[in-house]
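In what follows, a single structure is set out as structure tokens and then discussed.
The values are calculated or read from the model by the stated rules, or taken from the named source; none is laboratory data. What you are looking at is a predicted structure, and each value in this text was computed from that prediction instead of being measured. Reconstructed Cβ throughout: ideal geometry from the backbone, glycine too, with neighbour counts over all protein chains shown. These area figures cover heavy atoms from the full protein model, side chains too; ligands, DNA and RNA do not enter into them. Shrake-Rupley method; radii C 1.70, N 1.55, O 1.52, S 1.80 Å.
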Amino acid sequence: QYRSDLCRETAECYTPMSNLGIFFSSSTGNTEEAADAIKAAFGGDVDVYSVADTPVSKMLDYDNIIIGIPTWEIGELEADWDIVVDDYAGLDLSGKKLAVFGLGDQVNYPDTYQDGVGILAKKGRDAGATLVGFTSTEGHDFDESFALEDGKFMGLCLDNDNQAGDTDDRIAAWVEQLKGEFGL
């Protein structure tokens, strides 16, 4: 996207089509793989950061933010998010759009499925962000989840332990949804 027709031929006039950053944590590598797949589905014009290596304040550089987390143990935040969650909650995310994705295990943890998504989504909204990217619970089999609001997940929920075959299609559909919700 160019700022004007007069500067189409100069790189200095180029404005990136998106202002999108992905921030994730990953202990096993699954959430990192999902972050990379989401970036690829957007066409690659996305910055990706591990919260273990990048201060969450970097989110303030973006208008559109995607955060990713695996739900750890029994409904807990993964260790890297647990360390920075207070910093994240203390950000002023007013005017930002926030989408959340998570990985969880609905078979072995049906009572806390995707709780990490709900925890981070609610803290982001409390920090002023507008939540986008809500998804249907259809195809998931669980008992309870902190990620539920008005009968929908507060983001994209993936279960690579039990439904790995659905991951690519779920990511593709979610990214198309987000392109509209982010206005990209």
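In table form, for the structure just shown:
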item	result
Residue identified as crowded, with 23+ Cβ neighbours inside 10 Å and of a type in the set (D, E, K, R) among Glu78, Glu138	Glu78
Residues of segment 45-82 classified as without any contact (Cβ under 8 Å) to a residue 60 or more places away in the chain, under 23 Å from Tyr113 (Cβ atoms) and out of contact with any strand residue (DSSP E or B) (no Cβ under 8 Å at 6 or more places or on another chain), total	4
Filtered residue count, segment 153-182, keeping only those that are polar (S, T, N, Q), under 18 Å from the mean Cα position of the chain (by Cα) and farther than 20 Å from Leu120 by Cβ	0
Every pair of residues 6+ apart whose Cβ atoms lie under 9 Å, when the first sits in segment 158-170 and is within 13 Å of Tyr109 (Cα to Cα) while the second is open to solvent by 70 Å² or more (accessible area, probe 1.4 Å)	Asp159/Val107; Asp161/Val107; Asp161/Asn108; Asn162/Val107; Asn162/Asn108; Asn162/Asp141
Restricting segment 12-49 to residues that are open to solvent by 20 Å² or more (accessible area, probe 1.4 Å), closer than 19 Å to Leu93 by Cα and touching an Asp or Glu at 6+ places or on another chain (Cβ under 9 Å), the residue that is modelled with the lowest pLDDT	Ser18
Residue, farthest from the chain's Cα centre (by Cα), within segment 143-152, restricted to residues that are closer than 18 Å to Ile119 by Cβ and open to solvent by 40 Å² or more (accessible area, probe 1.4 Å)	Asp143
Selection within segment 153-171 - surrounded by 14 or more Cβ atoms within 10 Å (Cβ to Cβ) and hydrophobic (A, V, I, L, M, F, W, C)	Phe153, Met154, Leu156, Cys157, Leu158, Ile171
Among residues of segment 92-133, those that are part of a loop (DSSP other than H, G, I, E, B), open to solvent by less than 50 Å² (accessible area, probe 1.4 Å) and touching a strand residue (DSSP E or B) at 6+ places or on another chain (Cβ under 9 Å), counted	12
Residue among Ala99, Ala79 that is of a type outside the set (S, T, N, Q) and closer than 24 Å to Gly139 by Cα	Ala99
